[in-house]
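Right, one structure below, let's go through it.
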């Protein structure tokens, strides 16, 4: 099935000629949250946050993903994930999570564990895009495929392929049974997806008012807390267009448990053009 899909998007000859790929696009995130404006005023809100994404693939072993987005407080946040041969990291690195009873104490093992998690996350994220765009994994994160059959999915009827990789990685590649184009990548995981609760007071108030407002926010978080459950995230590919002999999706929709949370609109593809090697440099630094 993978071979059939590769043929549909351009064929092995066209895909094997790809030595580098650079992609840029715009991002729209759709965020639902709880706004606490006073001890007695609580409102469910939705906002659309803008951002951007850059992908740089330099085969066989250098990959980069840069993601920039607004956050609810109005600022921009940006990070980069890089895979360079056997090394992988995130910049800026996340703060190490303490395993000690006193959370202020962070030891070497805490930092090493956090670094390993970020390296694994970088490899997995790059793999999602490489698999979705070019129907191939990356050398340092090899995948094994097995065909599960023609199944009914959240994206409609699809030929479903299981892709398994290192560190218990598993994802599902969904192929359109008519066009054989990649339809979606699906990932199932167990976690708690907690609602976002923000304090948004309209002005300046006395200390007692603010304390009561923050107390109401804490109560809302407690009342709306959700248990661990099975979640499914899908990257849904559409709007295929021909780029240098290869059919590439120009729209990716991220759907969590059936709810659209993000759209990525690709507006620039460059194949086999020089990429600045400095983009794949940099090492994670300790953050305590």
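The values are calculated or read from the model by the stated rules, or taken from the named source; none is laboratory data. For clarity, every value in this text was computed on a predicted model and none was experimentally measured. Methodologically, a virtual Cβ is constructed for each residue, glycine included, from the backbone with ideal geometry; neighbour enumeration extends over all protein chains shown.
Within region 227-235, not a single residue is in a strand (DSSP E or B) and at positive phi.
Condition check for residue 142 on (1) exposed (fewer than 13 other Cβ atoms within 10 Å of the Cβ); (2) touching a strand residue (DSSP E or B) at 6+ places or on another chain (Cβ under 8 Å); (3) touching a residue at least 40 places away in the same chain (Cβ under 8 Å): one failure, at (3).
If you take the residues in region 230-239 that are in contact (Cβ under 8 Å) with a residue 40 or more places away in the chain and surrounded by 12 or more Cβ atoms within 10 Å (Cβ to Cβ), which one is nearest to residue 191 (Cα to Cα)? Steps first, please.
Taking region 230-239 and keeping what is in contact (Cβ under 8 Å) with a residue 40 or more places away in the chain, we get 230-237.
Remaining after also requiring surrounded by 12 or more Cβ atoms within 10 Å (Cβ to Cβ): 231-237.
Details: 231: 7, 232: 10, 233: 12, 234: 16, 235: 18, 236: 21, 237: 25 Å.
Top of the filtered list is 231.
May I ask you to verify whether residue 94 is modelled with pLDDT of 90 or more, out of contact with any strand residue (DSSP E or B) (no Cβ under 6 Å at 6 or more places or on another chain) and either over 17 Å from residue 182 (Cα atoms) or surrounded by 15 or more Cβ atoms within 10 Å (Cβ to Cβ) (or both)?
Numbers: modelled with pLDDT of 90 or more: no; out of contact with any strand residue (DSSP E or B) (no Cβ under 6 Å at 6 or more places or on another chain): yes; either over 17 Å from residue 182 (Cα atoms) or surrounded by 15 or more Cβ atoms within 10 Å (Cβ to Cβ) (or both): yes.
Considered against the rule, which asks whether it is modelled with pLDDT of 90 or more, out of contact with any strand residue (DSSP E or B) (no Cβ under 6 Å at 6 or more places or on another chain) and either over 17 Å from residue 182 (Cα atoms) or surrounded by 15 or more Cβ atoms within 10 Å (Cβ to Cβ) (or both), residue 94 comes out as no.
For every residue, the table says whether it meets (1) surrounded by fewer than 20 Cβ atoms within 10 Å (Cβ to Cβ); (2) touching a strand residue (DSSP E or B) at 6+ places or on another chain (Cβ under 6 Å); (3) touching a residue at least 24 places away in the same chain (Cβ under 8 Å); (4) part of a loop (DSSP other than H, G, I, E, B).
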{"position": "146", "(1), (2), (3), (4)": "yes, yes, no, no"}
{"position": "149", "(1), (2), (3), (4)": "yes, no, no, no"}
{"position": "158", "(1), (2), (3), (4)": "no, yes, yes, no"}
{"position": "164", "(1), (2), (3), (4)": "yes, yes, no, no"}
{"position": "167", "(1), (2), (3), (4)": "yes, no, yes, yes"}
{"position": "177", "(1), (2), (3), (4)": "yes, yes, yes, yes"}
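In the condition set (1) free of Cβ contacts under 8 Å to residues at least 40 places away in the same chain; (2) in a strand (DSSP E or B); (3) closer than 27 Å to residue 124 by Cβ, residue 242 is compliant with all but (3).
Annotation: of all residues in region 191-207 being at pLDDT 90 or above and not in a loop (DSSP other than H, G, I, E, B), the one that is surrounded by the fewest Cβ atoms within 10 Å (Cβ to Cβ) is 191. Of all residues in region 179-194, exactly one satisfies the criterion of being in contact (Cβ under 8 Å) with a residue 60 or more places away in the chain and under 16 Å from the mean Cα position of the chain (by Cα), namely 193. When region 268-288 is limited to residues that are modelled with pLDDT of 95 or more and either in contact with a strand residue (DSSP E or B) (Cβ under 6 Å, 6 or more places away or on another chain) or surrounded by 14 or more Cβ atoms within 10 Å (Cβ to Cβ) (or both), the one that is nearest to residue 83 (Cα to Cα) turns out to be 280. Taking the criterion of being surrounded by 13 or more Cβ atoms within 10 Å (Cβ to Cβ) and either touching a helix residue (DSSP H, G or I) at 6+ places or on another chain (Cβ under 7 Å) or free of Cβ contacts under 8 Å to residues at least 12 places away in the same chain (or both), the residues of region 19-50 that qualify are 34, 36, 38, 39, 41, 42.
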